[in-house]
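Written below as structure tokens is the structure these notes are about.
The values are calculated or read from the model by the stated rules, or taken from the named source; none is laboratory data. All values reported here derive from a predicted model rather than from experimental measurement. Cβ placement follows ideal geometry from the backbone for every residue including glycine, while neighbour counts extend to all protein chains displayed.
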Amino acid sequence: MIAQQLVNGIVTGSVYALFALGFTLIFGTFKILNLAHAGVFMSGAFIGYFAVLNGLPLWLALVLAMIGSGLISYIVELGAFATIRGSGQIEFGALISSIGANLCLMSLGQRLSNTKVLRFPFETFPVEFYEFGPVRFSFLQVIILLVVVVLLMAMMFYLYKTSFGRQIRAVSGNERVASLLGVNPGLVYFQTFFISGALAGVAGIMIGLSFNSIHFYMGEPYLLKAFVVVVLGGLGSVHGAVVAGMLLGIFQNLAVAYLPSALTETIIYGLLFVVLLVKPSGLFGSEGVQVGVARR
Amino acid sequence: MMLEVKDLAAAYSGIEALRGVSLHIEQGEMVALIGANGAGKSTLLNCLSGTVRAKRGSIRFDGSEIVGTRPHRVSRMGLLHVPEGRQILFELTVEENLLLGELARGSRTSDYGLSEVFKLFPILQERRLQRGGTLSGGQQQMLAIGRALMGGPKLLLLDEPSLGLSPIITDQVFDALQALNAAGLTILLVEQNANRALQVTKRAYLLEHGELAYQGNSADLLHDEKVIAHYLGHLPSA
Ligand SMILES: Nc1ncnc2c1ncn2[C@@H]1O[C@H](COP(=O)(O)OP(=O)(O)OP(=O)(O)O)[C@@H](O)[C@H]1O
Ligand SMILES: [Mg+2]
């Protein structure tokens, strides 16, 4: 029983991690709290849904959702952030304009879905189970885990082992100096927002499939979770987001199984509070990280 | 001619920081640009590298006009700027800082790769895998210079490389600059430490309130105590 909850928790947690990763990537790189990440996540689910509805195979729907939500994320950057970057008030301004962008995406979703919950057509996904001793995996769970692990590894490789990743981290450290060294900041903005959006899009379609439910409001609860994950893992820490996402997923599943359900959320936020009391910079945050709106 | 600046002016929200500066640097020269606090030295370098927009005037670098060119394009043309305060990327390792510098090189060839930079500054090889933020001031300056060298500079701009360094470390840095220049690199050296800058260069410009107050031989300026006293406010200290 506990092994099963653990497995379920890891699967849920991996999706949290995926969602939070894109969120923390933007925060870590540009110090922007991008609340439109929820809308981008929802867009990914919508794109995947309409692709499947039009008879495309699921893998293609997944690819389209990634590319589509990546582009939408970049459009948010152009519309909501690039426009105010010169003003010198980016942290607070971006928070507000990302709320605006999120509302735009949500109303679009509401229009497209007529405020209804959308469901994938029957048999979009084979409902199969594999048994490993006491533990049961659904086919979907296996796919989710595989996709997430591959994406996380690709992302780590990209960030820490390639020239592009170095450029992203350089702009994150100091955009002016990076440009003096030949880094084109515009390209870095594009890549970072695209990757962030693509990860959110995959998370969106995964969640849509898991619950077979897609609606314009689906991103909001994940945004709140992403805050927990990102703060728990350490603001801007990529490794931290992955570990904290997993922990949150596991904890949530165990709590649902063994604790009074009304208490789950209370306990999660209580725990977060305790972690922050003991280690204000989060589990993996460096002590020096400036939280929030501090300017260099 | 490597660099030809004509009548360059720049302002910060209406307040002029440069008021029509003209200067030139020949291929292979090492030239000093000195001046007191706030004279406009950094502003001039920032105009050259494109991080501050010139209000007026022209900058010809290696045959092309570069006013209005964005910084990453300027550096890819081979004009590399080591900014004031070194500006190491703290979160990247020493090696990553250097490899990032390679970007500006593009398809041009360069005399300086990792091994040449490590030969010039052996301490960087020892610290190769440490984060940039853990280096001492002198090591950071060496890293900043090494990083620019990786970009295959035709012209290297240095903004106060001796800032905050002990005399011994300053010597090391200046020795390295002289060696680089002897090997053919063209350098524009900005310094508040006028004495040192004049010792290692043949030609110098003196900037005052955004205008050129003197240009000529470094040696003449170095021994003209009246000029030093008048423009820099103090006699050169050894
Ligand atoms: N970002 C800025 N905004 C407004 N004014 C500025 C800015 N940067 C420089 N200035 C002003 O422009 C003038 C020239 O500054 P600059 O930094 O170019 O001088 P400097 O010769 O490099 O001085 P220092 O030796 O202190 O580095 C100064 O009066 C300075 O106050
Ligand atoms: Mg200066």
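Annotation note: of A:115, A:29, A:124, A:83, the sole residue that is of a type in the set (S, T, N, Q) and either crowded, with 20+ Cβ neighbours inside 10 Å or in contact with a Leu (Cβ under 6 Å, 6 or more places away or on another chain) (or both) is A:29. Screening the candidates A:129, A:120 for the property of being in contact with a Lys or Arg (Cβ under 7 Å, 6 or more places away or on another chain) and of a type outside the set (Val, Ile, Thr) yields one hit, A:129. If you check B:91, B:95 for being away from ligand 2 (no atom under 16 Å from the Cβ), within 12 Å of chain A (Cβ to nearest Cβ) and either free of Cβ contacts under 8 Å to residues at least 12 places away in the same chain or outside any helix (DSSP H, G or I) (or both), only one passes: B:91.
Which pairs have Cβ atoms under 9 Å, sit 6 or more apart or on different chains, and link a residue in region A:117-136 that is under 15 Å from residue A:8 (Cα atoms) to one that is in a loop (DSSP other than H, G, I, E, B) and not basic (Lys, Arg)? What qualifies is A:134/A:1. Scanning region B:1-18 for residues that are more than 14 Å from every other protein chain (Cβ to nearest Cβ), within 9 Å of ligand 1 (Cβ to nearest atom) and exposed (fewer than 14 other Cβ atoms within 10 Å of the Cβ) yields one hit, B:15. Here residue B:177 meets each of (1) under 14 Å from residue B:120 (Cα atoms); (2) within 16 Å of ligand 1 (Cβ to nearest atom) with one exception, condition (2). Of B:85, B:28, B:35, all but one fail to be within 16 Å of ligand 2 (Cβ to nearest atom) and surrounded by fewer than 18 Cβ atoms within 10 Å (Cβ to Cβ); the exception is B:85. If you go through region B:47-78 and pick out every residue that is away from ligand 2 (no atom under 16 Å from the Cβ), surrounded by 17 or more Cβ atoms within 10 Å (Cβ to Cβ), facing chain A (nearest Cβ under 10 Å) and of a type outside the set (Gly, Ala, Ser), you end up with 5. Annotation note: of B:21, B:94, the sole residue that is more than 16 Å from ligand 1 (Cβ to nearest atom) and touching a helix residue (DSSP H, G or I) at 6+ places or on another chain (Cβ under 8 Å) is B:94.
With respect to residue B:219, is the statement that it is closer than 20 Å to residue B:80 by Cβ, surrounded by fewer than 17 Cβ atoms within 10 Å (Cβ to Cβ) and more than 15 Å from ligand 2 (Cβ to nearest atom) true? Answer is no for this residue.
Within region B:45-61, not a single residue is charged (D, E, K, R) and either near ligand 1 (Cβ under 9 Å from one of its atoms) or touching a Leu at 6+ places or on another chain (Cβ under 6 Å) (or both). The residue pairs whose first member lies in region B:1-24 and is over 13 Å from residue B:188 (Cβ atoms) and in contact (Cβ under 8 Å) with a residue 40 or more places away in the chain, whose second member is within 16 Å of ligand 2 (Cβ to nearest atom) and part of a loop (DSSP other than H, G, I, E, B), and whose beta carbons are closer than 7 Å, counting only pairs six or more residues apart or on different chains, are B:10/B:52; B:16/B:210; B:17/B:40; B:17/B:210; B:18/B:40; B:18/B:210; B:19/B:210. Among the residues making up region B:147-174, a single one is surrounded by fewer than 16 Cβ atoms within 10 Å (Cβ to Cβ), away from ligand 1 (no atom under 16 Å from the Cβ) and of a type in the set (Gly, Ala, Ser): B:166. Does residue A:200 qualify as being assigned to a helix (DSSP H, G or I), within 14 Å of chain B (Cβ to nearest Cβ) and buried (at least 24 other Cβ atoms within 10 Å of the Cβ)? In short, no.
Filter the helices (runs of 4 or more DSSP H) completely within region A:115-182 down to those with at least 1 residues that are away from chain B (no Cβ under 14 Å). Even if it seems obvious, please write down each step before you answer.
Working: elements: A:139-161, A:163-173, A:175-180.
Correct list: A:139-161.
Kindly indicate which of B:100, B:44 is in contact (Cβ under 8 Å) with a residue 40 or more places away in the chain, within 16 Å of ligand 2 (Cβ to nearest atom), out of contact with any Ser or Thr (no Cβ under 7 Å at 6 or more places or on another chain) and over 24 Å from residue B:171 (Cβ atoms). Among B:100, B:44, only B:44 is in contact (Cβ under 8 Å) with a residue 40 or more places away in the chain, within 16 Å of ligand 2 (Cβ to nearest atom), out of contact with any Ser or Thr (no Cβ under 7 Å at 6 or more places or on another chain) and over 24 Å from residue B:171 (Cβ atoms). Taken together, B:126, B:208 contain a single residue that is under 25 Å from residue B:17 (Cβ atoms) and either modelled with pLDDT under 95 or surrounded by fewer than 22 Cβ atoms within 10 Å (Cβ to Cβ) (or both), which is B:208.
Would you mind finding the one in B:40, B:113 that is surrounded by 18 or more Cβ atoms within 10 Å (Cβ to Cβ) and either within 20 Å of the chain's Cα centre (by Cα) or away from ligand 1 (no atom under 16 Å from the Cβ) (or both)?
When all the criteria are applied, what remains is B:40.
Per the conditions (1) within 14 Å of chain A (Cβ to nearest Cβ); (2) touching a Gly at 6+ places or on another chain (Cβ under 8 Å), the sole criterion not satisfied by residue B:82 is (2).
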